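Enquirer: One structure follows; several queries about it will come next.
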Amino acid sequence: MRVKVCGMRDMENIVALSQVPIDFIGFIFYPLSPRFAAANKKLEKWLAKESPQALKSIARVGVFVNSELEDVLNKVHDYELDYIQLHGSERPEYCMELFSLWSFSSIRRAAIIKAFSVDANFDFETVKAYEPYCKYFLFDTKGASFGGNGEQFDWSLLEKYQGEVPFFLSGGIAEESAEAIKRLKHPMLAGVDVNSKFETAPGLKDIASIQRFIQVLNQ
């Protein structure tokens, strides 16, 4: 089970997190987020030139919400991102354009993760149009704002997903969620995405709590 920790921006906290066996680290490039990565003016240079060797083995994910293509491309280059997570209302055509740009140019490329906000009325058939362009999907909780709002959706709804793209489970996952996650048997469940339930403050993670969560998840 892969683990993605999102909403990072503090260098000292990132160094501590790099010692934990996680697979993906997320940086949010949505200016209205309290975890807006670019608010830390030193982060970009630090990630490129001064970050620890341990961080090099963790895939970097940039989270965007209805961003201009140029901004996405620039962030992929400047922050050396491996993935972009599209967390807004981006259409399949948007994903196709990015996919095409990276397929036919020499600029730094990133794989695409498309996030979807899930509630009881969500139609999982709508994700099919994104399949040709996405490495992963991410199923989050539908709420008043972009992101999961710290709440879990009804995970039994995942049974309706019959697609071929692996997905991350997100939305309100906490340390005590590990046992319930282990009971999920969906064949396309690739990993989990955690954020606010592991924080002491926006953008600052409780490293010990993440360690305990991963330990239970891997038992």
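Enquirer: Would you confirm whether or not segment 161-169 contains a residue that is of a type in the set (Val, Ile, Thr) and in contact with a Phe, Trp or Tyr (Cβ under 9 Å, 6 or more places away or on another chain)? Don't jump to the end; show me each part of the working.
Expert: Here is the first cut: in segment 161-169, the ones of a type in the set (Val, Ile, Thr) are 165.
When the remaining residues are screened for being in contact with a Phe, Trp or Tyr (Cβ under 9 Å, 6 or more places away or on another chain), the result is 165.
Yes, some residue in segment 161-169 is of a type in the set (Val, Ile, Thr) and in contact with a Phe, Trp or Tyr (Cβ under 9 Å, 6 or more places away or on another chain).
Enquirer: Is it the case that some residue within segment 202-217 is within 16 Å of Val118 (Cβ to Cβ), part of a strand (DSSP E or B) and either touching a Leu at 6+ places or on another chain (Cβ under 7 Å) or of a type in the set (A, V, I, L, M) (or both)? Step through it out loud before you land on a result.
Expert: In the first step, residues of segment 202-217 are kept if they are within 16 Å of Val118 (Cβ to Cβ); the result is none.
The answer is no; no qualifying residue exists.
Enquirer: Can I ask one more? Is it fair to say Leu47 is within 14 Å of Arg108 (Cβ to Cβ), at pLDDT 95 or above and hydrophobic (A, V, I, L, M, F, W, C)? Full working, then the answer.
Expert: Values: within 14 Å of Arg108 (Cβ to Cβ): yes; at pLDDT 95 or above: no; hydrophobic (A, V, I, L, M, F, W, C): yes.
Against the criterion (within 14 Å of Arg108 (Cβ to Cβ), at pLDDT 95 or above and hydrophobic (A, V, I, L, M, F, W, C)), Leu47 does not qualify.
Enquirer: Restricting to segment 147-191, count the residues that are under 23 Å from Asn121 (Cβ atoms), among the hydroxyl-bearing types (Ser, Thr, Tyr) and touching a residue at least 24 places away in the same chain (Cβ under 8 Å).
Expert: 2
Enquirer: Restricting the search to segment 1-27, which residues are among the small types (Gly, Ala, Ser) and either at pLDDT below 95 or part of a loop (DSSP other than H, G, I, E, B) (or both)?
Expert: Gly7, Ser18
Enquirer: Within segment 73-104, track down each residue that is surrounded by 16 or more Cβ atoms within 10 Å (Cβ to Cβ), among the hydroxyl-bearing types (Ser, Thr, Tyr) and over 16 Å from the mean Cα position of the chain (by Cα).
Expert: Tyr94
Enquirer: Mind checking whether some residue in segment 22-45 is surrounded by 15 or more Cβ atoms within 10 Å (Cβ to Cβ), in contact (Cβ under 8 Å) with a residue 60 or more places away in the chain, among the basic types (Lys, Arg) and touching a helix residue (DSSP H, G or I) at 6+ places or on another chain (Cβ under 6 Å)?
Expert: No.
Enquirer: If a residue has to be over 19 Å from Phe168 (Cβ atoms), touching a residue at least 40 places away in the same chain (Cβ under 8 Å) and polar (S, T, N, Q) to count, how many in segment 52-103 make the cut?
Expert: Count: 0.
A quick yes/no check of all residues on (1) closer than 19 Å to Pro92 by Cβ; (2) surrounded by fewer than 17 Cβ atoms within 10 Å (Cβ to Cβ); (3) not hydroxyl-bearing (Ser, Thr, Tyr):
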site: Ser106; (1), (2), (3): no, yes, no
site: Phe116; (1), (2), (3): yes, no, yes
site: Asp123; (1), (2), (3): yes, yes, yes
site: Ala129; (1), (2), (3): yes, yes, yes
site: Pro132; (1), (2), (3): yes, yes, yes
site: Leu138; (1), (2), (3): yes, no, yes
site: Glu151; (1), (2), (3): no, yes, yes
site: Ser156; (1), (2), (3): no, yes, no
site: Tyr161; (1), (2), (3): yes, no, no
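Enquirer: Mind checking which residues of segment 105-117 are of a type in the set (Lys, Arg) and over 18 Å from the mean Cα position of the chain (by Cα)? Give the derivation first.
Expert: Filtering segment 105-117 for residues of a type in the set (Lys, Arg) gives 108-109, 114.
Listed by number, the list holds a single entry, Arg108.
Enquirer: Applying the selection to segment 46-68, what residues are surrounded by 12 or more Cβ atoms within 10 Å (Cβ to Cβ) and not in a strand (DSSP E or B)?
Expert: Trp46, Leu47, Ala48, Ser51, Ala54, Leu55, Ile58, Val65, Asn66, Ser67
The values are calculated or read from the model by the stated rules, or taken from the named source; none is laboratory data. What you see is a predicted model, and the numbers here were worked out from it, not measured in a lab. Note that we place each Cβ from the backbone using ideal geometry, even for glycine, and neighbour counts take in every protein chain shown.
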